[in-house]
Structures are given as structure tokens and as C-alpha cells.
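Undergrad: My structure is below; once you've seen it, I'll send some questions.
The values are calculated or read from the model by the stated rules, or taken from the named source; none is laboratory data. Predicted, not measured: the structure shown is a model, and the values here were computed from it. Cβ atoms come from the backbone with ideal geometry, glycine included; neighbour counts cover every protein chain shown.
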Amino acid sequence: MGEVENSISKCRMIFFMPNHIKILITLIVALILNAQALYAAEVDKITVQGNKSISTETIRIFGDVKTGNYSERDVNLLIKKLYETGFFSSVSAEIKNNNLYINVKEFPLINQIVFKGEKADKYLKKLDEYLTLKESVSFSKDKLNRDVRTIKEFYKQAGYYFVDLNVDIEELSDDKVNVIYNLTKGKKAKISKIYFVGDKKVRDKKLREIITSEENRFWKVISGGKFLNEQRIKLDERLLQNFYVNSGYYEAQVNSSSVEYQEGDGFALTFSIQAGKRYKFKKVSINVVDGIDKKYFLELNEPLVKVVGKYYSRTKLQKILDKIDKLTVQKELQFINHRLLETLKGDDIVVKIEIFEGPKFFVEKVNIVGNNITNDSVIRSEMIVDEGDPYSEVLLARSINNIKAKRIFASVASKTLPGSEAGRKIIEVSVEEKATGEIAAGAGVGTQGTTIGGAVSENNFLGRGIKLETMLELSQETIRGKLSVVNPNYKFSGNSLKFSVQSVKNDRMSTSGYESTDTGFSLGTGFEQYQNLFISPEFSVFHNKLTTDNSASSTVKKMEGNYFTAAVGYGIMNDKRDRTFQPTDGHLIRFYQRIPIVADVPTLINGLEFASYQQLGEDVIGSLKFYSRAVTGLDEDVRIGERLHLPAKYLKGFESRRIGPKDGDDFVGGNYAAALGFNVSFPSLLPENMNTDVNLFLDTGNVWYADYSGTVGESNKLRSSFGISANWFSPIGPFNFVLAQDITSAATDVTESFRFNLGTTF
């Protein structure tokens with residue numbers, strides 16, 4: 001008690017001290033606490049010592065070194081700045097006689113980085129972008145250790161779990177070093193067995209169909225799924241999780257996956273699953289808040305009723321939410337948001353979707369980053385949402401998809417940043433450029449010979465999104481060449497400009513007694529007249545020459561000579577697809593007409609195309625496509641060179657220009673051509689990083705009616721085929737193939753069971 005009273009007494013003494021004593025004590029304390037800050041020395045000269053590769057001036061800039069007053073704190077800050085550059089192994093500084101002495105010891109510079117053991121390894125080029133040590137960059141052990149970890153992890157991700165890596169540092173005489181990586185990646189780790197444990201509720205066979213990893217079997221020679229890959233395992237976890245949630249197991253968890261090495265037998269991969277209870281939709285309702293007209297969302301009633309009583313599915317709900325987003329865009333409803341509320345009640349789930357007016361945001365600015373070659377305007381021209389517009393995540397997503405559809409970037413992403421004031425957002429679109437030049441080669445294998453072709457194209461000429469393409473196709477009877485230039489945004493007007501020159505020579509002297517040559521050019525433009533309505537007028541000039549011999553039919557002989565045609569054409573297109581790149585919903589309608597202006601034999605060409613897309617399930621897209629053309633002679637019979645043939649892409653399984661009316665051995669084409677195709681696409685069947693699109697197709701079509709009599713024979717029988725096609729944007733370029741089987745055909749048709757195209761980029 002006495003000590004407490006003593007302390008209180010002392011406090012009272014301090015409290016009641018005279019003011020001048022209080023001030024004195026405060027100054028003393030401040031001087032003690034800020035002694036370093038108060039210490040200063042005048043510097044009128046700066047001396048840098050120990051630098052060899054880095055100039056004194058550069059060091060002064062790095063350290064922000066100037067003459068003047070320096071405290072001890074200033075000196076310490078200078079040293080810190082120089083260390084942070086990463087160029088120096090040691091830095092010291094002191095002030096003597098008004099001279100600031102800076103002593104540095106530089107890290108050696110890297111002369112060369114060498115990989116031994118895997119000189120031709122395809123991974124080395126990819127690996128380079130992840131490494132911090134580069135030639136002509138300062139060497140440090142910290143950076144080296146970091147790169148060693150990066151290399152090992154990189155190969156592990158690729159399935160090389162037994163990679164061996166040693167590093168040698170070769171010191172050179174001029175303060176430089178060579179970094180030598182001794183790399184042996186070993187064999188890829190194979191998956192010997194895949195296990196599913198826990199409360200899985202589903203048979204293992206079904207689960208194996210869902211994941212991309214596969215057990216190693218001798219017949220899986222080209223399968224990549226049999227190799228252990230951490231990224232693929234993570235993908236498999238997500239696939240399993242999505243499967244269970246979309247099958248009604250709302251609370252399902254794929255807790256973890258473990259990998260265990262089995263001596264001499266590869267790795268065992270185990271997925272742990274807790275499915276939990278299975279739930280059904282009891283009720284799904286939409287609540288539209290006051291102030292928003294409910295009539296805009298009446299068409300949602302039907303899909304809401306359909307899901308009631310069905311097992312819970314996140315995908316089904318997402319389709320409804322996507323429909324809401326589409327309606328808000330179509331009805332031009334701004335700042336409309338939605339919120340999903342899910343409540344568990346026994347074995348059921350009650351879902352409530354709230355539609356409300358969210359915060360009002362406007363786009364302040366759109367920043368484009370990552371485009372070193374491509375002009376900003378090429379990217380901005382594909383943006384649906386622009387500066388000053390109301391901010392819309394739906395329109396931003398479509399904009400990003402439009403940019404992807406140009407196929408000139410390796411990756412496209414966006415992020416939204418706060419603006420300079422409340423209610424404003426900044427959109428940052430980042431792109432990664434890729435090689436846009438392509439060299440492609442292709443071939444078709446049919447019952448009567450082979451067709452080969454090649455093309456050279458540049459899809460981003462001058463960084464302005466201009467596409468240049470040359471094409472040459474050779475077959476037993478035909479030589480086809482074409483040069484085209486397409487500027488999608490001519491003079492930044494938003495309008496396209498197209499020019500092409502082409503020539504086709506058909507040598508059928510040995511089979512049908514004639515030879516024809518068509519040469520000419522076309523010039524056109526395209527623009528958006530109204531929302532989603534595009535107009536594309538064009539002007540074309542062509543010259544045709546037909547030469548015959550005595551073996552030609554009388555009808556063909558009558559057509560011998562030179563013909564000139566100048567025509568105008570136009571296309572009208574209504575594009576209601578949700579996106580141009582891999583659409584999942586909506587439709588596209590295009591009408592085309594070519595009208596002769598000056599022609600020796602005037603002909604009118606009409607065409608109609610239609611495509612409709614519908615998502616059939618998670619990562620499954622169905623499409624229905626229709627193609628038709630009609631050519632009519634206004635004064636005389638249609639010339640052979642203008643008769644119609646079905647392009648191979650609309651009727652797969654048949655050689656191009658090898659069905660329809662036939663004059664002897666010659667497929668002369670018809671006045672009408674039409675095709676109908678149904679496709680089921682699986683864009684995510686394989687991992688996203690494989691850039692693969694797989695399609696099942698069913699095609700039917702025909703070419704019919706020749707408006708001259710004589711020796712012409714034809715069949716009105718519908719041709720049809722089914723098969724599989726795949727598009728793979730491989731590291732070396734685009735690769736696609738078609739494997740088809742005809743269902744119905746005419747006896748005169750030439751079928752084609754297999755077609756492929758392979759290209760490379762530059």
C-alpha cells in the first residue's frame with residue numbers, strides 16, 4: 001500500500017511541475033527519440049566504388065543519389081534502394097569530409113544458360129517464360145533456387161515425377177557466369193489404377209467416364225490421360241464435383257485426391273467422394289421487385305415449371321439465369337441484377353430468384369493491354385460495351401467472346417476496376433498475342449482419287465486485323481487458286497472491305513471433251529444497318545472461257561466460247577447468336593442474291609442459309625444448319641461454270657463437286673443445291689488447354705436439275721452421311737479431320753470417307 005501511495009505522489013509531482021520544466025523534459029525526450037533524424041551531414045561530392053558493369057550514373061539514378069543534407073536514415077534508405085535492384089551482392093555507404101562514398105559489389109552477369117540432357121525437349125521453349133534468370137541478367141543464388149523449384153514443378157505438372165536436376169555454375173574471367181542445368185526428366189509417370197472411395201453412390205465405371213485421367217493399358221498408345229498430371233487431376237476433381245451437384249447431390253464434396261507410387265507399377269490415383277443426400281426441386285420462383293415491369297420475364301414461367309420435381313441441377317438453374325441475362329439485354333433493361341436464394345427443406349430444395357435493380361455503374365474507360373502489335377482499334381471494334389455506356393457484365397462477356405472469335409490472340413481476359421468516382425468502372429481488356437500466320441495443307445481420300453491443297457494466310461497484317469490469304473487446290477481435273485484481302489474495320493469506320501481475285505481451271509478433255517477457265521475478282525463491304533442486322537453489298541467481274549473437242553456433248557459444244565459477266569450482289573444477315581465464337585444459343589439467317597448488270601449469258605443467283613444453336617446439356621451444344629442455292633438463266637441455259645455444287649463442309653462424306661447431274665463422266669452441277677445438317681458439339685470434352693472441339697454430325701443434301709436436255713443423267717435421291725469431326729488448335733497450328741460414312745447415295749456419286757487438314761503457324 002505504501003508503494004502505491006509513493007507512486008501516486010510522484011505522479012502528482014510531475015503533474016504539478018512548473019510549465020518550463022515540463023517543456024524542458026519534453027524536448028530532452030524528443031531529442032533522444034529523434035537523434036538519428038536530427039543527425040545530418042552536408043554532402044557536396046559523391047564517389048561510387050566497386051562497380052564494373054553498371055555505370056556510376058545508373059547507380060546514382062537507382063539510389064536517387066544527390067548532393068545536399070544526409071541523415072543516417074537517408075543513407076540507410078539509399079543502401080536499401082540499391083539492394084532492391086537485384087544487381088548487387090553487397091552495398092555500403094558512408095560520409096567522410098562531405099564526400100558520400102558508395103561501395104558496391106556486383107552480382108556476376110549471366111553469359112549463357114545451357115540445358116544439358118534434354119536438348120530437343122519441347123518443354124524447354126515453354127519453360128523459358130517462367131524463369132527469372134536470363135542471359136545478360138544479374139545472377140543470384142536466390143533467383144537460381146527459385147528457378148530450380150520452378151523447373152522441377154513444371155515437369156512434375158507435365159507428368160515427369162522422377163525429374164533429376166543438377167546445376168553447375170561456370171565462372172568466367174570477365175565477371176560473368178554460365179548457368180548449366182543438367183536435366184534428366186526420366187519417363188512419364190503412368191497411372192496404374194484409379195480408385196473412388198467414400199460415399200460415392202455411383203458405380204466406378206460411370207465415374208471413370210466422367211474424368212479425363214485413365215488407367216494405363218497397352219491399347220492406349222496415344223492417350224495422354226494415362227500419364228499423371230496434376231492439372232488434369234484438379235480438372236477431374238471439378239468434373240466429379242459438377243457431376244454430383246448436377247445429379248441432385250447438392251452438398252457433395254470431392255474432398256481430395258491422393259497419389260501413391262506403387263513400385264514398378266506406376267501410380268495409384270484415389271478420389272475421395274462424399275455425395276451426401278440427393279435433393280429435388282420443390283419450388284422454383286422468381287420475385288421481380290417493384291419498379292420493374294414483370295411482363296418482361298413472363299416467358300420464364302415455362303422453364304421454371306419444367307424443373308419442379310426434378311433432381312437438383314446447378315446447370316439447369318444457370319440456364320434460367322442466362323435466360324434472364326439475355327432478356328435484360330434484348331429488352332434493353334439497364335442495371336438489372338439477379339440473386340439466387342436456395343433453401344434446404346428435408347429432401348427438397350426451394351429456389352427463389354430475385355430480380356432487382358442494382359447499383360448504376362457506367363463505363364469510364366476501356367484500357368487495352370498486352371497488344372504490342374495489334375492496334376487498339378482492332379480490339380475496340382469488337383467491344384459491345386464502350387466508354388460512357390451503362391456497365392453490363394453480359395455485354396462485356398460477349399465483347400470478350402467477339403475478340404476471341406478473331407482468332408488472332410492466344411488468350412483474352414478482362415477485369416473491372418474502380419473508376420475515378422463512385423458509379424464509374426474501368427474495364428481492362430488484356431490480350432496475349434500469338435503467331436497469326438498460318439501455312440496449311442490438306443487432303444481428301446475418296447473412292448476415285450485424292451484431292452490436295454494448301455494455303456498461306458496472315459490474320460493480323462500490320463497489326464490491324466487485316467486477313468491475307470492465298471489458296472491453291474489440286475485434284476485430278478481441277479486447279480483452283482485464290483487471293484483474298486479482308487479488312488474488318490476499314491479506316492476505323494466499323495465497316496469491312498473485302499477484295500478477292502481467283503481463277504479455276506477444269507481440264508475434262510479426257511473424260512468429257514472440254515476445258516473451262518473462270519477468272520475474275522470481287523470487291524465488297526459490310527456494315528451493321530440495325531442492331532444484329534448486317535448488310536454486305538459487293539461488285540464482281542468474271543471472264544469464262546470454254547474450249548471443247550469432238551468428244552464433247554452437243555449441248556456443251558453449243559456453249560463453247562468466251563463469256564463476260566459483271567454483277568452486283570448483296571447479303572442480308574440477322575445474327576442473334578449469343579456469341580460468335582462457339583455459340584450456345586440463338587440463330588443466324590443470311591440471304592444472298594447476285595444480279596447481273598452486263599453479261600453475255602445473264603444468270604440470277606439466290607441463296608439462303610440458316611443456323612440455330614441450343615445447349616442440350618452441360619458442355620453439349622446442338623446445332624441445326626440449312627444451306628440452299630438456286631441459279632436461274634434469264635435468257636439462256638445456265639453456263640457450266642455457274643452451275644451449283646455443294647461445298648464439302650455441308651455434305652461431309654462426299655467429294656466436293658462429285659454429286660448431282662452428270663453428263664457422261666462429267667459432274668456438270670445443277671440449278672439447285674440444298675443441305676440440312678444436325679451437329680452435336682462437345683467443346684469441353686477434352687481439357688480446355690488442349691483447345692479441342694469434337695462434333696458428331698448427320699448431313700443430308702442434294703444437287704439437282706440441269707436446265708438442258710441431252711445426255712444429262714441425275715438422281716433426285718437425297719444423299720446423307722454421318723460421322724465425327726474434330727478441330728484441334730495444336731501447338732504447331734490448326735488440325736482438323738472428318739471421318740464419315742455415307743448412309744444414302746446415288747450410284748454415280750463419289751464418296752469420301754476421310755478428310756484432314758494440317759497447318760502450322762508463323
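Undergrad: Confirm whether I373 is among the aliphatic types (A, V, I, L, M), in a loop (DSSP other than H, G, I, E, B) and touching a residue at least 40 places away in the same chain (Cβ under 8 Å).
TA: yes
Undergrad: How about the range 390-414: which of its residues are modelled with pLDDT of 85 or more and either part of a loop (DSSP other than H, G, I, E, B) or acidic (D, E) (or both)?
TA: Y391
Undergrad: Quick check on this structure: which one of G733, G723 is at pLDDT below 80, touching a strand residue (DSSP E or B) at 6+ places or on another chain (Cβ under 9 Å) and crowded, with 17+ Cβ neighbours inside 10 Å?
TA: Going through G733, G723 in turn, just one is at pLDDT below 80, touching a strand residue (DSSP E or B) at 6+ places or on another chain (Cβ under 9 Å) and crowded, with 17+ Cβ neighbours inside 10 Å: G733.
Undergrad: For the range 93-117, what are the residues that are of a type outside the set (A, V, I, L, M), without any contact (Cβ under 8 Å) to a residue 60 or more places away in the chain and surrounded by 18 or more Cβ atoms within 10 Å (Cβ to Cβ)?
TA: Scanning the range 93-117 gives a single hit, F107.
Undergrad: How many residues are out of contact with any Asp or Glu (no Cβ under 6 Å at 6 or more places or on another chain) and either outside any helix (DSSP H, G or I) or closer than 17 Å to E251 by Cα (or both) if we restrict to the range 302-335?
TA: Final tally of qualifying residues: 13.
Undergrad: Looking only at residues in the range 463-503 that are surrounded by fewer than 15 Cβ atoms within 10 Å (Cβ to Cβ) and touching a residue at least 40 places away in the same chain (Cβ under 8 Å), which one is farthest from Q529 (Cα to Cα)?
TA: Across the range 463-503, the extreme among qualifying residues is F492.
Undergrad: Right, next: In the range 667-679, is there at least one residue being out of contact with any Gly (no Cβ under 8 Å at 6 or more places or on another chain), in the same structural domain as V556 (by TED's automatic domain parsing) and at pLDDT below 75?
TA: No, that holds for no residue.
Conditions tested, residue by residue: (1) under 29 Å from P108 (Cα atoms); (2) in a strand (DSSP E or B); (3) in contact (Cβ under 8 Å) with a residue 24 or more places away in the chain.
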| position | (1), (2), (3) |
| --- | --- |
| N145 | yes, no, no |
| K152 | yes, no, no |
| F162 | no, no, yes |
| V177 | yes, yes, yes |
| I180 | yes, yes, yes |
| K188 | no, no, yes |
| I191 | no, yes, yes |
| E214 | no, no, no |
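Undergrad: Using the structure shown, decide if S138 is in contact with a Lys or Arg (Cβ under 9 Å, 6 or more places away or on another chain) and surrounded by 14 or more Cβ atoms within 10 Å (Cβ to Cβ).
TA: No; evaluated as a whole, the condition is false for this residue.
Undergrad: Tell me which residues, restricted to the range 266-297, are surrounded by 16 or more Cβ atoms within 10 Å (Cβ to Cβ) and outside any strand (DSSP E or B).
TA: G266, A275, R278, Y279, Y296, F297
Undergrad: Let me ask you something else. Is it true that G524 is more than 30 Å from I384 (Cβ to Cβ) and assigned by TED's automatic domain parsing to the domain that holds V601?
TA: The answer is no for G524.
Listed here are the residues, each with its yes/no results for (1) of a type in the set (D, E); (2) modelled with pLDDT of 80 or more.
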{"residue": "K105", "(1), (2)": "no, yes"}
{"residue": "P108", "(1), (2)": "no, yes"}
{"residue": "Q112", "(1), (2)": "no, yes"}
{"residue": "D121", "(1), (2)": "yes, no"}
{"residue": "E129", "(1), (2)": "yes, no"}
{"residue": "S136", "(1), (2)": "no, no"}
{"residue": "R149", "(1), (2)": "no, yes"}
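Undergrad: Name the residue, out of F527, F521, that is in contact with a Phe, Trp or Tyr (Cβ under 8 Å, 6 or more places away or on another chain) and over 30 Å from V394 (Cβ atoms).
TA: F521
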